[in-house]
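*Asks:* Let me begin by handing over the structure; questions about it come next.
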Amino acid sequence: MGGPEGRFHFAVDRGGTFTDVFAQCPGGHVRVLKLLSEDPANYVDAPTEGIRRILEQEGGVPLPRDRPLDTSRIASIRMGTTVATNALLERRGERVALLVTRGFRDLLHVGTQAREDLFDLAVPMPEVLYEEVLEVDERVVLYRGDRPSRAFDRVVTGFLAGRTGDLLEVQQPVDLGGLRGKLEGLLSRGIRSLAVVLMHSYAWAQHEQQVGALAQELGFTHVSLSSEAMPMVRIVPRGHTACADAYLTPTIQRYVQGFRRGFQGQLKDVQVLFMRSDGGLAPMDSFSGSRAVLSGPAGGVVGYAATTYRVEGGQPVIGFDMGGTSTDVSRYAGEFEHVFEASTAGVTLQAPQLDINTVGPRLFFRSGLFVVGPESAGAHPGPACYRKGGPVTVTDANLVLGRLLPASFPCIFGPGEDQPLSPEASRKDLEAVATEVNSFLTNGPCPASPLSLEEVAMGFVRVANEAMCRPIRALTQVRLPSHVLACFGGAGGQHACAIARALGMDTVHIHRHSGLLSALGLALADVVHEAQEPCSLPYAPETFVQLDQRLSRLEEQCVDALRTQGFPRSQISTESFLHLRYQGTDCALMVSAHRHPATARSPRAGDFGAAFVERYANSVSWERWWGACQPGHLALRVLSGPVDIQMTQCYFEGGYQETPVYLLGELGYGHKLQGPCLIIDSNSTILVEPGCQAEVTETGDIRISVGAEAPSTVGAQLDPIHLSIFSHRFMSIAEQMGRILQRTAISTNIKERLDFSCALFGPDGGLVSNAPHIPVHLGAMQETVQFQVFWPGQARPVFYVASRGHHADIGGITPGSMPPHSTTLQQEGAVFLSFKLVQGGVFQEEAVTEALRAPGKIPGCSGTRNLHDNLSDLRAQVAANQKGIQLVGELIGQYGLDVVQAYMGHIQANAELAVRDMLRAFGTSRQARGLPLEVSAEDHMDDGSPIRLRVQINLSQGSAVFDFSGTGPEVFGNLNAPRAITLSALIYSLRCLVGRDIPLNQGCLAPVRVVIPRGSILDPSPEAAVVGGNVLTSQRVVDVILGAFGACAASQVRRLGGHARACWGGGAGWTWAGASQCHQMNMGLPSSCASWLRQESSSSASVSMLGCTVSTSTRCRKSMV
């Protein structure tokens, strides 16, 4: 029912393609509306237009678009919007200047150096959000000595007490006089927004506050202080957050002002709330840019959490929100799953936000693979069927297959926004793709019969389903069959049954308003206020009183803020969070004690320690203001039986089938529908596939019981559709292994720097698929696997999985196990030729401890200096391998061993084909210019050792010989690179030269014969020192290979000491300038930029084969380095 005053309550979700409006009207009935988010020819703002239409329809009086709307009948408006997201993606925010501590002007430009695409030699970097940088003369440092014995809540002998409890020292006060003139210069150049990011301001904010006060005095319209935007440690994400706030908040404020101008009185007497990224609502005036990036999709998470989770009896729910431009997946199991730090459009934001993953829907056929995403068609032009010249997408494939009925869509497409969907445009564009597919099938290496248009469309739908399953599998380590799949969004119902089957789920829940569930979620969301502050206290009994005191102060702040908005204390509930990490690590989890009440050994606020351990191991009451929109209050018409309105033809596996069509509004409680059938309303289409049954629940929702999939008919023969599906499955296995390893390890190298790799190998030990981790690891892992397990007389396992992680110390002559002056392998730490880490299911801790301490027996050397981390990370690697074994076993159980092994080979053959095509194209290009088919290159190490390469191209076979003869001999130092590292550099370079997305596996090396002289710097003796070969020599090998092909200039790397190096950048190419990034680097920088140059050490790997785990270090000639 409406409010007591009989006014309208609106919830509006402005999505990428459509804007959904959910209105609670006077008298209690509900009106819903869907319109295009962008239609500049017909209206300026979609939410305003949607509200206008409903008011006009309900009132029966025309409301001109060019006049502000009367607000006397509007009680509240709640909105989720993609304004901030779009501004960030398209870089259309405010002009911003960054003010940063002197010496750190390039801090945010350097960032973490993580690369979005490992193999793009141009190394495109996201544009920074700021236009200019001003360095501020000031410096505050943490005091690292003994803390003064007396109280330190005030200045003590030059020290300051920070908010974290740490002591700080002001080495240089802020120079406001010198800064004033610089700020005036910014104003004269038209910059009105500032981001202020000073060192250690999270702990002591006075310098930032002084700078902010000066800027406001001078007339800057917006100033974002990092100490206020997000007062947390880690200056890079804190700085990005402040910049995003300064960049986006003015844009949001302009949008809000424009939205207000569409209403009389500028909404003065209307409660207007905006959805934030964390799933809570905030008043319009306090809606900031850094908290708005996930404003749109957050409403959908709240929607299914408040409906499906309760209806399904508290069973964990996977949210599947599929719209016209992208798909968002998330999870809810009784509480929202937040991440505290995430990247969007190359900007790392340090702010609480719901854990939502996105997949794009565009369709491609590349090198024999069906490819879906990650590109999106966008709201404008949208899919091809929108009649605006857009690309072919999953929506077009569904339309061609008969799974969408154009008559059920409003006529809002085309340039005039007055035409229906165009099946003809979909068929035309998809036929062009089908022609490309069939050309490959008939002329490719394994000729096959051409596919019909429907078979191509069906193939893309199946591949799209598998692509969307990958992020779902990554959401949780709990078995997915225990979850319910909540599908919503305009397109979610079309894929519900297929997604559930692929994930092993047996229940799909589709809300009656699934096409507008994000808007409904806005109606059910809480108004939220949050406060946070940094804290460096250990979580221990002696600090619990202080923690409780600080949490109580934060609670008071939040309660007071909500009471000022008019909420009585009885309607306010609070929830406390602590950002906890294990001592010695830098990967923290934000945990709530919501399910862990206080004990005698915890703070009064709750047992955060138990909550942290539970979450580490396993990876507020709702205020409903609009009672009538609760599902239980929906009025339904009960019929004697469902009556279909028409029959249509839908394409499924095996061909077209007669498919009845039902109107959702004509169905009543208890109606059961056997698949196949379509259930449609004005906002969505639900496809019930053959073998599934849909039932209307008491609340008017649709619950689908997913039947078992028909027995698989997949054979071992190559099929391009199944090749794409298996590519996703193999990649997903490696990705899930990586997540297990990162989550369960404790070292900074693995948890924060992401210096690890996981991969899947075939029965011959050849690399099949890997997660996008460290390229130099992956090429070398294959040789390690094959050396470890192929012993004479031993039966071969059917597959292998392996994980490699960087261990900070394994002994040797210097801490860090990366001595700058080592001359033998023994001086670099523990050496493993082959070591069985797990026997009979038991981790061999005593034996591996002895091996790690063994270097201490060598004069001048020490055993490992960090045994605890070594053992913990090795256990994490074993856990990652066990996960891989489990997942491959499940795949074999689904398809059969022969099929899985066959597609391991097909994936390798696909990579081989791509490399052969690249070699032929390169040779043909040279031949057309009258150049020989032999190329060469040479470069030198710092000591003058040459690295020489001659490449001979065989044009007819698409093969090549890479001959390193003439390369310098093994050196009396540690720049020697074992053969495995040289092959890693080669496979990485070949993948880069291909220039498009293909699997990185052993197939890349199949067309190549490699000649490496024994005893050279690229294949040294077993006793040679090698710590520098991984990071320095491998880089030079990549330079030589790319140089021979004329791909780009050499990288710039300078050795500083040990294997620390200044990575000055990748070389320029024919169409791009050089970039500040190295070819094979893909690890994140530690939290302190200075620690980028700290010493690193050796790596270890563990290789698993159906329950047997073998550990190898990087110190053997046939293993990884």
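*Asks:* Identify all residues within the stretch 2-27 that are in contact with a His (Cβ under 8 Å, 6 or more places away or on another chain) and surrounded by fewer than 18 Cβ atoms within 10 Å (Cβ to Cβ); write none if there are none.
*Replies:* 3
*Asks:* For residue 665, indicate whether it is over 34 Å from the mean Cα position of the chain (by Cα) and surrounded by 15 or more Cβ atoms within 10 Å (Cβ to Cβ).
*Replies:* no
*Asks:* Consider residue 873 carefully, then state whether it is of a type in the set (D, E, K, R), part of a helix (DSSP H, G or I), under 27 Å from residue 975 (Cβ atoms) and open to solvent by less than 40 Å² (accessible area, probe 1.4 Å).
*Replies:* yes
*Asks:* Given (1) open to solvent by 20 Å² or more (accessible area, probe 1.4 Å); (2) closer than 20 Å to residue 783 by Cβ; (3) in contact with a Gly (Cβ under 6 Å, 6 or more places away or on another chain), where does residue 948 come up short, assuming only one miss?
*Replies:* Single failed check for residue 948: (2).
*Asks:* Where residues in the stretch 731-749 are surrounded by fewer than 21 Cβ atoms within 10 Å (Cβ to Cβ) and under 18 Å from residue 339 (Cα atoms), which of them is modelled with the lowest pLDDT?
*Replies:* Per the stated criteria, the residue is 743.
*Asks:* Of everything in the stretch 257-278, what is open to solvent by 10 Å² or more (accessible area, probe 1.4 Å) and in a helix (DSSP H, G or I)? Give them in sequence order.
*Replies:* Result: 257, 258, 260, 261, 264, 265, 266.
Quick grid of which residues meet (1) in a helix (DSSP H, G or I); (2) closer than 30 Å to residue 20 by Cβ:
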| position | (1), (2) |
| --- | --- |
| 694 | no, yes |
| 718 | no, no |
| 738 | yes, no |
| 742 | yes, no |
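*Asks:* The conditions are (1) closer than 20 Å to residue 990 by Cα; (2) open to solvent by 10 Å² or more (accessible area, probe 1.4 Å), and residue 1022 fails exactly one of them. Which is it?
*Replies:* (1)
So that you can scan it fast, the table gives a plain yes or no per residue for (1) in contact with a strand residue (DSSP E or B) (Cβ under 7 Å, 6 or more places away or on another chain); (2) open to solvent by less than 10 Å² (accessible area, probe 1.4 Å); (3) over 25 Å from residue 306 (Cα atoms):
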residue: 419; (1), (2), (3): yes, no, yes
residue: 429; (1), (2), (3): no, no, yes
residue: 435; (1), (2), (3): no, no, yes
residue: 462; (1), (2), (3): no, no, yes
residue: 465; (1), (2), (3): no, no, yes
residue: 472; (1), (2), (3): yes, yes, no
residue: 481; (1), (2), (3): no, no, no
residue: 484; (1), (2), (3): yes, yes, no
residue: 487; (1), (2), (3): yes, yes, no
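*Asks:* Determine which member of the set 107, 89, 99, 33 is buried (at least 20 other Cβ atoms within 10 Å of the Cβ), modelled with pLDDT under 90 and not β-branched (Val, Ile, Thr).
*Replies:* On the way: 107 fails: buried (at least 20 other Cβ atoms within 10 Å of the Cβ); 89 fails: buried (at least 20 other Cβ atoms within 10 Å of the Cβ); 99 fails: modelled with pLDDT under 90.
33 is the lone residue from the list that is buried (at least 20 other Cβ atoms within 10 Å of the Cβ), modelled with pLDDT under 90 and not β-branched (Val, Ile, Thr).
*Asks:* Quick one: in the stretch 279-290, of everything that is of a type in the set (A, V, I, L, M, F, W, C) and more than 25 Å from the chain's Cα centre (by Cα), which residue is surrounded by the fewest Cβ atoms within 10 Å (Cβ to Cβ)?
*Replies:* 284
*Asks:* Does the stretch 394-417 hold any residues that are of a type in the set (Ser, Thr, Tyr) and at pLDDT 85 or above, and which are they?
*Replies:* 395, the sole residue that qualifies.
*Asks:* What single numbered condition from (1) open to solvent by less than 10 Å² (accessible area, probe 1.4 Å); (2) in a loop (DSSP other than H, G, I, E, B); (3) at pLDDT 80 or above fails to hold for residue 831?
*Replies:* Here residue 831 meets the rest and fails (1).
*Asks:* Do you know which residues across the stretch 786-825 are part of a helix (DSSP H, G or I) and at pLDDT below 85?
*Replies:* Those that are part of a helix (DSSP H, G or I) and at pLDDT below 85: 786, 787, 788, 789.
*Asks:* Provide a single number: the residues in the stretch 959-990 that are assigned to a helix (DSSP H, G or I), under 24 Å from residue 904 (Cα atoms) and open to solvent by 10 Å² or more (accessible area, probe 1.4 Å).
*Replies:* Qualifying residue count, the stretch 959-990: 1.
*Asks:* Test of understanding: among 956, 925, which residue is outside any helix (DSSP H, G or I) and more than 29 Å from residue 1024 (Cβ to Cβ)?
*Replies:* Criteria check complete, one pass: 956.
*Asks:* Also, I was wondering about something else. Would you point out which residue out of 315, 253 is assigned to a helix (DSSP H, G or I) and open to solvent by 10 Å² or more (accessible area, probe 1.4 Å)?
*Replies:* Within the list 315, 253, the selection yields 253.
*Asks:* Here's something else I'd like to know. As an exercise: evaluate residue 52 against (1) open to solvent by less than 10 Å² (accessible area, probe 1.4 Å); (2) modelled with pLDDT of 90 or more; (3) closer than 21 Å to residue 270 by Cα and give the number of the one condition it does not meet.
*Replies:* Unmet for residue 52, out of (1) open to solvent by less than 10 Å² (accessible area, probe 1.4 Å); (2) modelled with pLDDT of 90 or more; (3) closer than 21 Å to residue 270 by Cα: (1).
The values are calculated or read from the model by the stated rules, or taken from the named source; none is laboratory data. Please read these numbers as outputs of a predicted model, since none were measured by experiment. When we count neighbours, we look across all protein chains shown, and the Cβ atoms used for this are built from the backbone with ideal geometry, even at glycine. These area figures cover heavy atoms from the full protein model, side chains too; ligands, DNA and RNA do not enter into them. Shrake-Rupley method; radii C 1.70, N 1.55, O 1.52, S 1.80 Å.
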